[in-house]
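Notes follow the structure.
What follows is calculated from the coordinates using simple rules that are stated; it is not laboratory data. All of these numbers come straight from a predicted model, not from anything done at the bench. With ideal geometry, Cβ positions are generated from the backbone for all residues, glycine too; neighbour counts draw on all protein chains shown.
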Amino acid sequence: MQELKYTETKDTRSGFGEGLLEAGKQYENVVALCADLTGSVKMDSFAKAFPERFFQVGIAEANMIGMAAGMAITGKIPFVGSFANFCTSRVLDQIRMAVAYSNTNVKICGSHAGITLGEDGATHQVMEDLGMMKALPNMVVINPCDFNQTKAATIAIAKYKGPVYLRFGRPKVPNFTPANHEFKIGKALIMNEGNDVSIFATGHMVYHALQAAYILYQKGISAEVINIHTIKPLDEERIIKSIRKTRCAVTAEEHLMNGGLGDSIAQVIVRNFPCPQEYVAVNDRFGESGTPSELLKAYRLTAEDVVDAALKAIARKA
């Protein structure tokens, strides 16, 4: 295995912005609504290109969800954008009734997700959003890993008919997936093949998982890294195939341990091929202020933490 190299860092919210603009060019029914955070969520390019299809609703997230649901009923493809905390937990009732229960074609796009929002602190960081959204019937939940994948995912969900929650972040992170690759909802990607341990990662943690795989390789351990960009529907077939080969698993996510990717993987494991599993996730804590790198270390979400979890899983297997 070669050490992962990247030539640039980009924020995933900018990948969303470019993807939204491209989706607007491809589909004339795409409209966008924002809750007073147009620049922060990178919806400004769409707003400039299609002013008649952009709606600034102000600090009124609940109203924004209701407007989007109404637009979807008339045949529009509404993308709503805000901080992930504000467009999920703040308006969960409206999402549940007007979007998920009604199965309306609304795309809920949450920026500044996870602990790496950084200095804004616990009130703005959200680490329970994936759990809330995946619990809702009819809701597709997507958490891409870098700029390129976020752009591709944004275009893909415009084509998909039904409710979607798309999660992305603020900090610049390595951009390492191919540009203009086809994004397939519900199809996990094998980033590195291995035989000793399966590492299932999502979002920003995919890069850390690949770093961990290289460290493990230097120790003589073969790690399989799988990019679970779609939390729901989960690619159970690929997960089962991997754990049957390695017989142990690690899950890595910038999210609470409760309700996140780890819980979804655990359900697949216990029903199909029981084996040891270790979690790399936030353990029942709120966030705090700090730089993204400081917080990743403080909350044990680094490549070294993935390595430690992999070694524990392998030892339990033995």
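Observations, loosely collected:
- Taking the chain as a Gaussian network of alpha-carbon nodes connected by springs under 10 Å, the highest mean-square fluctuation of the residues Lys187, Lys48, Lys151 belongs to Lys48.
- Environment charge at Ile65 (Cβ cut-off 12 Å; Lys +1, Arg +1, Asp -1, Glu -1): +1
- Extreme residue, positive dipole direction of region 229-318, given options Ala249, Leu296, Pro233 (C-beta unit charges): Ala249
- Region 67-141-region 1-52 distance, computed between alpha-carbon centres (Å): 17
- The residues Phe286, Phe183, Phe16, when put in order of fewest to most other Cβ atoms within 10 Å, stand as Phe286, Phe183, Phe16.
- Under 22 Å from the Cα of Lys317 - lysines, other chains or at least 8 residues apart: Lys219, Lys241, Lys245
- Neighbours of Met257 by Cβ distance under 9 Å: Lys/Arg scored +1, Asp/Glu scored -1, total -3.
- Nearby lysines by direct alpha-carbon distance to Lys161 (threshold 24 angstrom, same-chain neighbours under 8 apart not counted): Lys25, Lys42, Lys76, Lys107, Lys134, Lys151, Lys184, Lys187, Lys232
- For region 100-146, the square roots of the Cα gyration tensor eigenvalues, ordered a ≥ b ≥ c, give a/c of at least 1.5 with a/b greater than b/c, which places it in the prolate category.
- In straight-distance terms, cross-link reach from Lys5 covers every one of the lysines whose alpha-carbon lies under 18 Å from its own, apart from those fewer than eight places away in the same chain; here that gives Lys172.
- All C-alpha to C-alpha distances of region 189-317, sorted into 10 Å bins beginning at zero, yield P(r) values of 14, 49, 31, 6, 0 percent in whole numbers.
- Bridges between two residues of the chain, per DSSP, are antiparallel at a rate of about 20%.
- Kyte-Doolittle mean at least -0.5, axial Cα span of 24 Å or more - DSSP H helices of the chain: none
- Sorted peptide list for 308-315, 49-56, criterion being average Cβ within 10 angstrom, highest first: 308-315, 49-56
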